[in-house]
Amino acid sequence: MPATYEPGRGASAHHAAENVRWLADLVADSADPPTDLVAGRFVDAFLARHDHDVAGLLREWRRGGPFEVVGVSAALHKGWATLEQEDGQRRVLALTVDTTGKIRRVVVEDDSDERSHRGFADIDAALDAVAPVESTAFVARRGSEGWVPLYTREAQRPMPGGSVFKVFVLLALVWAVEDGTARWSDELVTGVETRSLPTGEMQDLPDGTRASVAQVAYNMYARSDNTASDLLIRYLGRPAVETAVARAGHARPELLRPFVTTRELFDIGWGHSGPSADPDTLDVWAAGSEAARRALLDAHEHPIDVAVGDLTRTAHPQGLDWWMSAADVAAALGLLWDAGSRATDGPLAEILRANPGLDIDRGAWPRSTFKGGSSPGAVMFAWLVESPDGEQFAVVLQQRCAVVGVLRDGLPLRRLGDAILHGLLS
């Protein structure tokens, strides 16, 4: 009998807050706790990635200490803590948990204090703070005929968006539900053909596990689960997603044709490290026409043979990613928001609002949606927020770099988004 996937949706919000407080206090403390006590807080894959050297990790995180914990916040499956050194310098600890409540990712880096950049005139300086990085941005208020820009920085320029592509997959699903060709209650089944790499947890489920379309969509959008997105693309069909990209108003929809799954992206970009992949695959993609790229995807139906540790270089300079501009994403988020307002009796509103991306000020923004994305050398964050009187704003930020590791998980860019949202209040 196939298993049914039934995760606890609320577990992460509680555990992110509890774990970030625990880890921040541990980093601020000078004593070394028993290794087995600490190891029990992390998923096995995290420990394996760091050779089970918990003591070594703790020494690295304590670099620059001693610290005082001066701030902790959490949102869904992510948590942040601010650590202050004796000389007043600060570091930020950011972590991600899975739905079991265990930690699967930790980043500790210098605090860039982006919240001090509250005026639009300061955004350029914040975006230029790290070189060599290319940045675009779009901040706008929604008017009767669309988004009215408040600040733009090459907002029409396509950039690699990483998991923000899931906005278009969700739109394709929403429109399919509205026209009766898909149902939230339909069941999808996991298998090797859709198993991808994290982020997410559905890649760890046994083959044959069943999950509703609504649950898979929740995981894809709120938890940015890659295997969930590939399940939905397979369910809807690649042509339906490509049609949704154009319908959403993407200025250059041909950049997303063919619309790759995450498994295909990893396989083409980094699969040369595996035993069955062609080392020239990425070059073929870079030089190929749309037809040649579709033929390449047809030839890559084998199970994924890439590990997270293989992602040591960028692939977007060769054209491999999901390309979109900040303005494209704002338009798509507006359409999703409108669909969620129409569908008050379904799961869409919950899916859209589950992950605010930040410890957001609910007095100022009682309703919001967020989608973030990253791939090696690229990061993108996008918010749509609504004030108590119904006024809506979009904040979309993108950065890319040809070198892996410069942007890390984009924490400074996320904090700049926080600063901009606060600045909209003044």
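Rounded to the nearest 20 debye, what is the charge dipole size of region 37-130 about its Cα centre when +1 sits on each Lys and Arg Cβ and -1 on each Asp and Glu Cβ?
Dipole about the Cα centre, nearest 20: 540 debye.
Ranked from highest to lowest mean number of other Cβ atoms within 10 Å per residue, what is the order of the peptides 173-179, 378-384, 68-74?
Sorting 173-179, 378-384, 68-74 by mean packing, highest first, produces 378-384, 173-179, 68-74.
What ranking do 288-294, 17-23 get when scored by the average of other Cβ atoms within 10 Å per residue, highest first?
Highest mean packing first, the order is 17-23, 288-294.
Whole number please: convex hull volume per residue, Cα atoms of region 165-301, in Å³.
Hull volume over Cα atoms, normalised by residue count, gives 106 Å³.
Mind checking which of 163, 85, 248 is farthest towards the positive end of the chain's charge dipole, using Cβ charges of +1 (Lys, Arg) and -1 (Asp, Glu) about the Cα centre?
It is 248.
So if each residue of separation counts as 0.36 nm, and I subtract the Cα-Cα distance between residue 4 and residue 120, what length gain in nm does that give? Walk me through the numbers before you get to the answer.
On the way: separation 116, 0.36 × 116 = 41.76 nm, distance 4.82 nm.
Contour length minus the Cα-Cα distance gives 36.9 nm.
Within the chain, which DSSP H helices have Cα atoms that stretch 20 Å or more along the helix axis and a mean Kyte-Doolittle hydropathy of at least -1.0?
11-28, 326-342
Take the Cβ-Cβ distance between residue 353 and residue 389 as r, set R0 to 22 Å, and report the resulting FRET efficiency rounded to the nearest 0.05.
Taking R0 as 22 Å, the efficiency between residue 353 and residue 389 is 0.75.
Rank 326, 205, 237 by how far each Cα sits towards the positive end of the charge dipole of region 176-326 (+1 on Lys, Arg Cβ; -1 on Asp, Glu Cβ) and give me just the farthest.
It is 326, whose Cα lies furthest towards the positive end.
Subtracting the Cα-Cα distance from 0.36 nm times the residue separation, let me have the gained length for residue 422 to residue 131 in nm, one decimal.
Contour length minus Cα-Cα distance gives 102.2 nm.
On the first, second and third principal axes, largest extent first, how far apart are the outermost C-alpha atoms of region 11-110 in Å?
Extents along the principal axes, in whole Å: 37, 28, 19.
With label points built 7 Å along Cα→Cβ from the Cα atoms of residue 361 and residue 243, find their separation and express it in nm.
4.3
Give, rounded to the nearest 20 debye, the magnitude of the charge dipole that the chain has about its Cα centre when Lys and Arg contribute +1 at Cβ and Asp and Glu contribute -1 at Cβ.
Dipole of the chain, to the nearest 20 debye: 640 debye.
Report the Rg/Rh value for the chain, based on alpha-carbon coordinates and the Kirkwood definition of Rh.
Taking Rh as the inverse mean 1/r over Cα pairs, Rg/Rh reads 0.95.
At 7 Å along Cα-to-Cβ for each site, give me the label-to-label distance between residue 63 and residue 107 in nm.
Roughly 1.6 nm, to one decimal.
Quick one: give the max-minus-min coordinate of the C-alpha atoms of region 291-349 along each principal axis, largest first, in Å.
Taking the Cα atoms of region 291-349, the three principal extents are 41, 30, 27 Å.
Using 7 Å Cα-to-Cβ label points, what is the residue 283/residue 50 separation (nm, one decimal)?
Going by the 7 Å Cα→Cβ label model, 3.9 nm.
Sort 249-261, 50-62, 304-316 for me by packing, meaning the mean count of neighbouring Cβ atoms within 10 Å per residue, highest on top.
Taking the mean over residues of other Cβ atoms within 10 Å, the ranking is 249-261, 304-316, 50-62.
Hey, got the dipole for region 280-394? About the Cα centre, +1 on K and R Cβ, -1 on D and E Cβ, debye to the nearest 20?
160
Every read-out reported here was derived from the displayed coordinates using simple, explicitly stated rules and does not represent laboratory data. Keep in mind that this is a model prediction, so the values were computed, not measured. Cβ: placed from backbone, ideal geometry, glycine included. Neighbour counts: every protein chain shown.
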